[in-house]
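The values are calculated or read from the model by the stated rules, or taken from the named source; none is laboratory data. Computed from a predicted model, the values in this text were never measured in an experiment. So basically every Cβ, Gly included, is an ideal-geometry build from the backbone, and we count neighbours across all protein chains shown. Quick note on the areas: whole protein, heavy atoms, side chains included, nothing else; ligands and nucleic acids left out. Shrake-Rupley method; radii C 1.70, N 1.55, O 1.52, S 1.80 Å.
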Amino acid sequence: MELFNSIIVILDATLRNATPLIFAALAGMFSERSGIVNIALEGKILISAFFGASAAYYFGSPWMGLLAGVLSSVVFAQLHAFATVTHNGDHVVSGLAINILAAGLTAAVGNYWFSQGGNTPNLAFGDTQARFTPITLPFADQLADVPIIGGIYSELISGHYLLVYLAFAAVPLCWYILFRTRFGLRVRAVGENPHAVDTAGISVAKTRYLALLMTGILVGFAGVYLSVAVTAQFSPNMSAGKGYMALAALIFGKWRPRTAMQACLLFGLLEAIAIRSQGAVFLGVEVPVQLVEATPYILTVVLLGGFIGRSVAPKVIGEPYVKERS
Amino acid sequence: MSQQRIPAWITVGVIPLANILIAAIAAGLVFLYLNINPIDALQSMVSGAFGSGYGLGYTLYYMTSYIFTALAVAVAFKCGMFNIGGEGQAYIGALGVGLVCLGLGGHVPFIVLLPISIIAAAVFGALWALIPAALQAYRGSHIVITTIMFNFIAASLMNYLLVYFLKPVGTMSVESAVFDRASWIPQMHEVFAFFGIRIAASPLNLSIFWALFVAFAVWVFLWRTRWGYEIRSVGSNTSAARYGGISISRVTILTMLVAGALAGFMALNVVQGQAHQIKLNLVNQMGFTGIAVALMGRNHPFGIVLASLMFGFLTQGGSELQFEYSVDARIVVVLQGLVILFSGALQHMMKHPIERLYLNYARRRDANADDQHPAEA
Amino acid sequence: MDMALELRGIDKRFGDVHANKDINLQVRQGTIHGIVGENGAGKSTLMSIIYGFYAADKGDVLVDGQVLDIKDSKTAINAGIGMVHQHFMLIQNFTALENVILGAEDGIAIETSLDKARREMERLASEYQLNVPLDVPVEELSVGYQQRIEILKALYRGARILILDEPTGVLTPQETDHLFKVLASLKEQGTTVILITHKLREIMAATDEVSVMRRGEMVAHVKTADTNQEDLAELMVGRKVLLRVEKGEAEPGDVKLAARHISLTDAQGVKRLSDVSLDVRAGEIVGIAGVSGNGQSELLEALAGIRNIDSGEMYLNGETVTAGTAIDPEKVRQLGVGHIPEDRHRMGLINTFSAYEAFVLGYHRDASYNSGVLMSQKAMIDDCRAKMESWDVRPPDPFLKTANFSGGNQQKLVIAREVEQGHDVMLIGQPTRGVDIGAIESIHKRILEMRDAGKAILLVSVELDEIRSLADRILVMFDGIIVGEVPADKADERTLGLMMANIVPDEIKALQAEVSA
C-alpha cells in the first residue's frame, strides 16, 4: 500500500509536470510543421506567464490572466512570424531574440510595476482568489477512501487545475486540426513543399502566420498554467527550460500530437522522480538526481542519432521561402 | 544583379548602423516607458562603461568572454552549422581549467601551468562539441537541436560533479575550492602595479591578449589555410566541396572541435582570471549572447572584436543603469534582445529599403552626369 | 475557332537578362499547341507568367478573349489554367488524394473533400486512362504516376487550358506514349493543351500547331502538319544545325579509362547503374547520349570518385579500383583523371568564392598552392590570372566573385582549372550548358585539341548535336544500362533517338555482333 501510494503521488506529479510541456509541444508542433523552427517556446512561455499573472492580479481574475497571457504570447508569436516569414529572418536567431527579449522584458517591466525584484505579487491574497484552483471531480470525495479506486480516481485523476484537463483534451483536438482540417492540411503541406503550396494558389505567408497564431495561443496556456495556476505568482525565468524540453518532446514524439504527449508524460515522470527522490536507488545503484534531470535531453539526442527509431523533421524546416527564378 | 551595384560601404556600414539605430530607438521607447530619459540613460551607460578605469576594465573583461563565445559560433557558421552549444562547451571548458588549477596550482610554476590550462580549456570544450559534431556528420542529426540538448546535459553534469566531487567537504554553497593563487591569470591592475602604475582594480586579466590573438589566428585559419578553405567550401556549397575531394564529415568534426575549443577558452577569462573557482552557472548566458555578437560581427573575427566591445559596453553600461535609476539589472538583457532582434532576426527589414534608396540615388546621379556630359555625336 | 489563350506583347526582364521579348501567341481552343526552344530560350519564364508565378513587365494575357490580370496562381487557376511543372509540385508525404484537394478544399473539414475527390478521380481515371493509387504517399510512386497526379490536380480544379512544361524529360518511352494518348483524349473533350518541350520528335508526334522560341523571342508559328523536324530545328537554333566542328580522324591509343560491370544504387535505394561497361582510349572522345536522368550523371560521378559503386571495377589511368575500395575525388585527381562536372553551379564552382579561390578547388592541397601551414595567396592569384588570360576569361580579375561572371566565363574557369592540370583522362559533363554560342565553339575546339593531344575523353551531354559533332564513338544510355554503341558516322538523329528509347535498330545490332565476334 505504501508503494501504491507513492506511485500515485509520483503519477499525480507527472500529470502536473507534463501539462505545460504538452501545451508548449503542441504549440511548437504547429510552427514546426509549417516549416518554422521554434526554439522560441521558452520565451513565449515566459511572456505569457508574466502577463497572465500581472493581469490576473490587476483584475483579480484568473480568467483575465488567461486572456492576457494568451494575447501576449500571440503577439510574440506574430513578431516571430514577422521576422521569419515577412523578412526571411533566420529562424534560430529570431527564436533566440524572442527568448532573450522575453527574459529581459518580463523582469525589467515586472520590477517597474511591482517593485518586487521582478516577481508579481502573490495571486492568492486574503480572500481574493486571482489564481486557478484545483477542481474536484464529482464523487471524488465520496470515493476517496475506497482502496485502489480512491487512489486512482480521487488522488490521481481528480483534483487538478482545469488547465491540466484542457491540456489532455487539446491533444486529440490538435490532432484533428492538423490531420482532418483544411488548415491542418495546408500547414503540413507548407512545411514539406512551400513551392507546391504556392502553385496551388495558397499563400505560404498567410498559412505560416496562422500556424504561428496557433502556436501563440497554445503556448500561452503553458505560461499561464505556470504562473496563474501552479505557483500563483510570476518570478523571473520561471519557465526554467520548459520551452526547450517541450521542443525535445516534440522531436522525440516525431512531430505528432499523441506521441509528443507521451514524450511529455515521460519527461514529466522523470521530473517527478527527480524532485521526489534526491538520489534514487535503481537496481541497487544510486542514480544521481542530475542524471534523471538530464535524461530527457539524453534520450532526445539518442533518438536524433537514429539509435532508437527515426525522427524525420518537416522537410523545409528552417528554410525561408523565397520565390526563385527557375 | 542588384548585388553588383550596391557598394560595400552600404552593406557592411550603413545597413548594420541602421539596424542598431532602430534597436536603439526601440530601447529608447522601453526606457521612456520605465520613466527613464533615454539620453540620460545613454550618457550614464557610456560613462559607466568607459568613464572610469574600473568601468573600462569590466567592459573589456566582458568583451574578452564574448570574443571567445562569438568565435565559437562564427567558425561553425562558416561551415554552414549553427553552434548553439557555446554555453555548454564553455561550461565544460571550465571543468578542464578548474581541474588543472586545482590539481597543479601551487605545485608547478604559473608559466608551466598556463599552457596546460589553455590546452585543457580547448580539449574539454572540443570534446563537448565532438558528440553533436559526430552525430551530425555520421547520423545526420541536426546540430542546432543536439547542441541545445548538450547545454542542458552539461548543466546537469557540472551540477553533479560539483555536488559529489568538487565541493569541498563541509561547505554549503555548490562551488569548488578556490584555486591556489599561483594558478591565477594575473589581473591587469596587478600587472600594471608590477610596473609601478596604479589602475583601478577590475576582473580584466591577461586573457584579453589571448582573445585578441585567437581572433587573429581564427582569421588566418579560415582565410589563409587549406583547412579553412575546406571549411568555407563545405559551408558555401556542400556538393562542390565533395566534388573537390573534401570529406564533409571530417570537416564537420574538425570545425566543431575548433568551435568547442574556442568556447572553452572563455573559461580562462571567467574561471582562471576572475572567479578562481568553478561555480554553478558560471557561463551565465554568455554562450547565447555570443551568437548575437557573432551576428553583429558578420561572423568575421575582426567584426567580432568590435561587436564584443559593443556588447561589453551594453553589459557593463547596462548594469550601471541599475545603480543610477534603480531599474532592474536585467534591463541589459532587454538591450541585448533588441539588438539581436533588429540586427539579426530583422536584418533584412532595413536592407531592401536602403538598397532601393541607394539605387534611386545612383540612377539620378548617373542621369545628371549624362546630362552634363552629353554623348558626343 | 476561338482562342483559348492569347498573349500580346509580353515582356520580362530579370536584372540584365531579357528573358521574354515582346511575345505574341495565340492558342486555339481544343488544340494541342507546342512551344519549342532550346534550354534557356525563355519558355519556362513565359509559362510562369501565364500561371501567375511572375508578373510580366509589359503586355496582356487574354483568356477566352478577355484580358486577365494574373496576379498570382490563384487567379490563373480560377481562370481555368492548369500547369504541370517540370519539377513536380507535389507534397511527397501526402497521398494522391491529399495532393489533389490541397488548395481546392470545400469547407473546413477535409473529409468531404477527400470523398468528393475520390469519386472525381475514379471518373477521370476511366475517362482519360489516368488511374493512380490514391491512398499511397506519392514518394512511393513512380514519376509516371506522379505526373498523372499533377494532371489530375489540374483537371480537378477545372482546368480548361493545361500547360505541360517539359513533361517527358523523366518519363520512359512507354510512359511518354501513354501521356500523349491522355493528351489526345483531353483534347477530344475540349481541353486546350500547351506542350513545352525541346524535343522535336514529340512536337511532331503530339501537336496540332507549334510556336518556336529563340533567345527570349517568339520566332515562328506554324501548323505541325506543314513543317518537319529539320525546319523546326533550324528555327530553334537560328542557323543550320549540325554545327560540325572541323575534326580529323581519331588515333586511338591504349585504354586509359574503363568500367567493368559497374552497378550503383543511390541514397534513396533506386538503382541508377546496372552492369555498365565501357572503354575510353587515349586520343579519342567517347560520347554518352541519353535523355537526362538515365544514369549518365551517376556514371560520371562514380568514375570521378564522388559516388561509390556497389559492384564491378573501374580502371582509372593505370589504377584498378574495385567496388568497396575507398576512393574519393582527390585520389582520382591524383591518378590523372580530371572532371568537368555537369552542373557548374552545384559542383564546379563556389559562388561566394573569389575566382582565384574557386580556381584551386580540388587542388587546394597541392604543394604549389601551399607553403607550410598557410596557403600561398600569390601562387594562387598569379596562376589564376595567367590561366584567365590564356583562356580568355572575361573579366580577367582573380578577385571577382565567381557568381558575377557570365555563364560562359564561369564554364571556361572550370574547364581551364581541370584541363590545365594536364590530366591524361578527362570526364566532361554538359560542357556547354547555358553557355552562349561564341563560347560553345571555343570550348568545343579546346576539347578536340585535348583529344588530338592524346587525352582520353568521356563526354556526357544531353545535346545530341554536341555529342555527334565531338564524339568518335557514341554510347547510348537508358535507365542505367548502356543500350548500345554507334560509330559517329552512323549516328543520325533517328538511330540515336530510337536507342535513347531503348530500341536498337537492326543495323546497329549487326554492327555490334560484328565487333564482338
Query - 3J(HN,Hα) from dihedral phi, segment A:168-181, Karplus parametrisation 6.51/-1.76/1.60, rounded to Hz, x for glycine, proline - result: 6, 6, 5, 5, x, 4, 5, 4, 4, 4, 6, 10, 10, 10
**Report entry** Mean-position separation - Cα centroids, segment B:1-53 and segment C:10-69, in angstrom
**Finding:** 47
Query raised in the report: Going by a ≥ b ≥ c, the root eigenvalues of the Cα gyration tensor, does chain B fall in the rounded group (a/c under 1.5), the prolate group (a/b larger than b/c) or the oblate group?
Result: oblate
Requested in this report: Enter the angle in degrees (range 0 to 90, nearest 10) between the Cα long axis of helix C:377-390 and the first principal axis of the Cα atoms of chain C, meaning the one along which they spread out most.
Outcome: 70
Requested in this report: List the relative contact order of chain B as a percent without decimals, with contacts defined as Cα pairs under 8 Å and 6+ residues apart.
Outcome: 33
Query raised in the report: Per-residue mean of other chain beta-carbon atoms within 10 angstrom of the beta-carbon, peptide C:364-373?
Result: 3
Query - Along principal axes, Cα extents of chain A, largest first, whole Å - result: 70, 49, 37
Query raised in the report: Can you list the residues, at least 5 places off or on another chain, whose amide H is less than 5 Å from the amide H of C:M3, using H built in the peptide plane?
Result: C:Q29
Query raised in the report: What's the local net charge at A:I8, with K and R +1, D and E -1, over the other residues with C-beta under 15 Å away?
Result: -2
Report summary line: Quick calc, C:A125 & C:Q26: beta-carbon distance into FRET formula, R0 30 Å, rounding 0.05, result 0.40
Report summary line: Taking C:D452, B:D328, C:D424 and ranking on accessible area (1.4 Å, protein atoms only), highest first, one gets C:D452, C:D424, B:D328
**Report entry** Using a Förster distance of 35 Å, the FRET efficiency for A:F168-B:M172 (Cβ separation, nearest 0.05)
**Finding:** 0.25
Report summary line: Expressed in square angstrom to the nearest 10, the accessible area of C:Y156 with a 1.4 Å probe stands at 30
Report summary line: For segment C:148-164, Karplus-derived ³J(HN,Hα) couplings (6.51, -1.76, 1.60; θ = phi - 60°; whole Hz; x for glycine and proline) come out as 4, 4, 4, 5, 4, 4, 5, 5, 4, 7, x, 5, 10, 10, 10, 9, 10
Query raised in the report: Under 22 Å Cα-Cα from C:K387, which lysines qualify once same-chain neighbours fewer than 8 residues away are excluded?
Result: C:K378, C:K401, C:K412, C:K445, C:K455
Report summary line: The answer for B:I185, listing residues at least 5 apart or on another chain whose modeled amide H is closer than 5 Å to its amide H, is B:G273
Report task. Treating each Cα of segment C:3-237 as an identical point scatterer and ignoring solvent, apply the Debye formula and state log10 I(q)/I(0) at q = 0.15 Å⁻¹. Result -> -1.02
Report summary line: Amide H neighbours of C:A109 at under 5 Å, excluding residues fewer than 5 places away on the same chain, with H built from the backbone geometry, are A:R182
Query raised in the report: Does chain C come out rounded, prolate or oblate by the C-alpha gyration tensor, with a ≥ b ≥ c the root eigenvalues, rounded set by a/c under 1.5 and, if not, prolate when a/b is larger than b/c and oblate if not?
Result: prolate
Query raised in the report: Using the alpha-carbon atoms, what tilt in degrees (0 to 90, nearest 10) does helix C:173-188 show relative to the longest principal axis of chain C?
Result: 20
Query - Contact order normalised by residue count of chain C, Cα under 8 Å, 6+ apart, percent - result: 14
Query raised in the report: Between B:Q285 and B:F216, what length in nm is gained on full extension when 0.36 nm per residue of separation is reduced by their alpha carbon distance?
Result: 22.4 nm
**Report entry** Two-decimal log10 I(q)/I(0) for segment C:347-398, as the Debye equation yields it once each C-alpha is a single scatterer, q = 0.18, 0.23 Å⁻¹
**Finding:** -0.56, -0.87
Query raised in the report: Within the set C:K74/C:K153; C:K21/C:K43; C:K43/C:K181; A:K254/C:K271; A:K206/C:K43; A:K206/C:K71, which residue pairs have Cα atoms separated by over 20 Å?
Result: C:K43/C:K181; A:K254/C:K271; A:K206/C:K43
Query raised in the report: Ranked from the most accessible area to the least, with a 1.4 Å probe and all protein chains present, what is the order of B:H107, B:H352?
Result: B:H107, B:H352
Report summary line: Among beta bridges assigned by DSSP with both residues in chain C, the antiparallel ones amount in percent, to the nearest 5, to 55
Query raised in the report: For the residue pair C:S311 and C:N78, what label-to-label distance in nm results when each label sits 7 Å from Cα along the Cα-to-beta-carbon direction?
Result: 5.8
Query raised in the report: What accessible area per residue, rounded to a whole number of Å², is obtained for segment C:3-237 using a probe radius of 1.4 Å?
Result: 40
Query - segment B:9-67: projected area of the alpha-carbon convex hull, averaged over directions, in nm² - result: 5.3
Query raised in the report: For segment C:51-174, what's the relative contact order in percent, using C-alpha pairs closer than 8 Å and at least 6 residues apart?
Result: 34
Report summary line: Expected vector for segment C:220-231, Karplus 3J(HN,Hα) from phi with 6.51, -1.76, 1.60 and θ = phi - 60°, integer Hz, x for Gly and Pro, equals 6, 10, 9, 7, 4, 5, 8, 9, 8, 4, 5, 4
Query raised in the report: In the Gaussian network model of chain A, springs joining C-alpha atoms below 10 Å, which of A:T181, A:T106, A:T84 carries the largest mean-square fluctuation?
Result: A:T181
Requested in this report: Go ahead and set up a Gaussian network model of chain A, Cα springs under 10 Å, then flag whichever of A:V292, A:V70, A:V228 fluctuates most.
Outcome: A:V292
Query raised in the report: What is segment C:227-328 by shape, rounded, prolate or oblate, if you read a ≥ b ≥ c off the alpha carbon gyration tensor as root eigenvalues and call it rounded for a/c under 1.5, prolate for a/b larger than b/c, and oblate otherwise?
Result: oblate
Requested in this report: Could you order B:I6, C:I503, B:I116 by accessible surface area, starting with the largest, using a probe radius of 1.4 Å?
Outcome: C:I503, B:I116, B:I6
Query raised in the report: Hey, with R₀ at 41 Å, roughly what FRET efficiency would C:L62 and A:K206 work out to, going by the Cβ-Cβ distance, to 0.05?
Result: 0.90
Query - Estimated distance in nm for a label pair at B:I25 and B:D40, the labels positioned 7 Å out from Cα along Cα-to-Cβ - result: 2.4
Query raised in the report: To the nearest 10 square angstrom, what accessible area does C:M236 show with a 1.4 Å probe?
Result: 20
Query raised in the report: If you put +1 on each Lys and Arg Cβ and -1 on each Asp and Glu Cβ, how big is the dipole of chain A around its Cα centre, in Debye rounded to 20?
Result: 1240
Query raised in the report: At a probe radius of 1.4 Å, what is the per-residue accessible area of C:V360, in Å² to the nearest 10?
Result: 0
Query raised in the report: Where does the protein assembly as shown land on Rg/Rh, using Cα atoms and the Kirkwood Rh?
Result: 1.00
Query raised in the report: Looking at the protein assembly as shown, what % of its DSSP beta bridges pair antiparallel, to the nearest 5?
Result: 60
Report task. Run the quick spin-label model on C:D452 and C:V270: label points 7 Å from Cα toward the beta carbon, then report their separation in nm to one decimal. Result -> 4.1
